[in-house]
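Peer 1: Sharing a structure with you now.
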């Protein structure tokens with residue numbers, strides 16, 4: 001499966017509130033996550049599933065170029081893994097991703113991937129349209145990151161820092177040293193599996209724009225790309241951090257122009273070695289600046 005598009009922001013919207021979901025679709029996020037899990041009270045789960053399915057049905061008829069780049073759903077996790085009824089209810093034209101919370105094993109991922117094959121066919125969707133985003137929220141999941149990242153349909157791993165800290169009984173902060181090792185494991189596992197860079201956790205303080213930027217910058221430096229957000233006001237700061245600067249893009253384009261003029265072999269530019277790794281980074285920077293649109 002090819003690497004997923006460069007999504008900078010993933011905006012959560014509660015599946016129990018059709019009005020908030022519609023507002024989220026117009027908020028300017030690169031992806032919107034219609035949430036059937038934590039944002040929905042137990043007594044509202046069934047109704048929320050219907051509301052989310054209706055929003056996806058409307059999105060499926062949206063003209064190309066309209067709406068968010070990606071439309072995702074976070075499903076519930078039951079005693080035997082991701083809720084199959086949630087997965088079946090939301091798999092329809094317009095859906096591009098499913099976020100699997102509290103993932104425990106690659107077998108759970110493989111079961112969802114296998115279920116999606118006939119669901120996509122029944123919905124008239126192209127094969128492998130729906131990609132899976134796995135929330136890594138425990139020490140066991142972090143240790144299994146390599147196997148999880150290599151499972152079918154997996155687009156990215158997502159770090160659930162708050163649950164992870166609770167699991168390891170740490171009083172630390174979501175972007176503090178207690179999470180550094182686990183974050184690094186997600187980055188390495190993602191790269192080794194050839195999937196997209198992992199996605200950073202939410203920043204829960206809504207009135208802390210500088211803290212949000214600091215958290216996002218730290219994640220990007222570790223090798224993450226993109227961040228989950230819980231309010232539209234957080235989108236601009238996240239986009240600012242995960243969009244390459246003018247200077248970065250100028251240098252990347254200069255490197256690519258140099259390679260085009262001098263060939264793919266190792267060479268120097270202004271006294272600096274230009275090799276395959278430098279070229280690959282330049283190409284990734286260009287791609288990061290141009291998130292794809294439907």
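Peer 1: With a cut-off of at least 1 residues that are touching a strand residue (DSSP E or B) at 6+ places or on another chain (Cβ under 9 Å) and outside the structural domain of residue 25 (by TED's automatic domain parsing), name the strands (runs of 3 or more DSSP E) lying wholly within the stretch 184-294.
Peer 2: Working: elements: 227-229, 267-269, 272-274.
Ranges flagged: 267-269, 272-274.
Peer 1: Is the stretch 190-202 home to any residue that is under 21 Å from residue 80 (Cβ atoms), surrounded by 15 or more Cβ atoms within 10 Å (Cβ to Cβ), in contact (Cβ under 8 Å) with a residue 24 or more places away in the chain and under 20 Å from the mean Cα position of the chain (by Cα)? Let's see the steps before the verdict.
Peer 2: Here is the first cut: in the stretch 190-202, the ones under 21 Å from residue 80 (Cβ atoms) are none.
Among the residues of the stretch 190-202, not one is under 21 Å from residue 80 (Cβ atoms), surrounded by 15 or more Cβ atoms within 10 Å (Cβ to Cβ), in contact (Cβ under 8 Å) with a residue 24 or more places away in the chain and under 20 Å from the mean Cα position of the chain (by Cα), which makes the answer no.
Peer 1: Looking only at residues that are under 27 Å from residue 110 (Cα atoms) and either at pLDDT below 95 or crowded, with 23+ Cβ neighbours inside 10 Å (or both) in the stretch 161-178, which one is farthest from the chain's Cα centre (by Cα)?
Peer 2: Ranking the qualifying residues of the stretch 161-178, first place goes to 164.
Peer 1: Check the stretch 98-106 and report whether any residue there is closer than 21 Å to residue 45 by Cα and in a helix (DSSP H, G or I). Quick ask: steps written out before the conclusion?
Peer 2: Taking the stretch 98-106 and keeping what is closer than 21 Å to residue 45 by Cα, we get 98-103.
Still in the running and in a helix (DSSP H, G or I): none.
Within the stretch 98-106 (the criterion being closer than 21 Å to residue 45 by Cα and in a helix (DSSP H, G or I)), the answer is no, since none of the residues qualifies.
Peer 1: Right, something else. Determine whether the stretch 28-42 contains at least one residue that is farther than 25 Å from residue 151 by Cβ and in contact (Cβ under 8 Å) with a residue 40 or more places away in the chain.
Peer 2: Yes, the stretch 28-42 contains a residue that is farther than 25 Å from residue 151 by Cβ and in contact (Cβ under 8 Å) with a residue 40 or more places away in the chain.
Peer 1: Across the stretch 84-95, what is the total count of residues that are in contact (Cβ under 8 Å) with a residue 40 or more places away in the chain and under 20 Å from the mean Cα position of the chain (by Cα)? Steps first, please.
Peer 2: Residues of the stretch 84-95 in contact (Cβ under 8 Å) with a residue 40 or more places away in the chain: 86, 89-90.
Okay, now just the ones that are also under 20 Å from the mean Cα position of the chain (by Cα), so 86, 90.
So the answer is 2.
Peer 1: Now, a different point. Looking at the stretch 96-134, which of its residues are in contact with a helix residue (DSSP H, G or I) (Cβ under 9 Å, 6 or more places away or on another chain), in contact (Cβ under 8 Å) with a residue 40 or more places away in the chain and buried (at least 17 other Cβ atoms within 10 Å of the Cβ)?
Peer 2: Once the filter is applied, which keeps residues that are in contact with a helix residue (DSSP H, G or I) (Cβ under 9 Å, 6 or more places away or on another chain), in contact (Cβ under 8 Å) with a residue 40 or more places away in the chain and buried (at least 17 other Cβ atoms within 10 Å of the Cβ), the stretch 96-134 yields 101, 102, 103, 106, 109, 112.
Peer 1: Something else now. Any idea which residue in the stretch 20-58 is nearest to residue 101 (Cα to Cα), counting only those that are touching a helix residue (DSSP H, G or I) at 6+ places or on another chain (Cβ under 7 Å) and in a strand (DSSP E or B)?
Peer 2: In this case the residue turns out to be 34.
Peer 1: What are the residues in the stretch 154-180 that are touching a helix residue (DSSP H, G or I) at 6+ places or on another chain (Cβ under 8 Å) and outside any loop (DSSP other than H, G, I, E, B), if any?
Peer 2: Within the stretch 154-180, 154, 156, 157, 159, 161, 164, 165, 167, 178, 179, 180 meet the criteria.
The values are calculated or read from the model by the stated rules, or taken from the named source; none is laboratory data. Quick caveat: nothing in here was measured; it's all calculated off a predicted structure. Don't worry about glycine lacking a Cβ; one is built from the backbone with ideal geometry, like all the others, and counts go over all protein chains shown.
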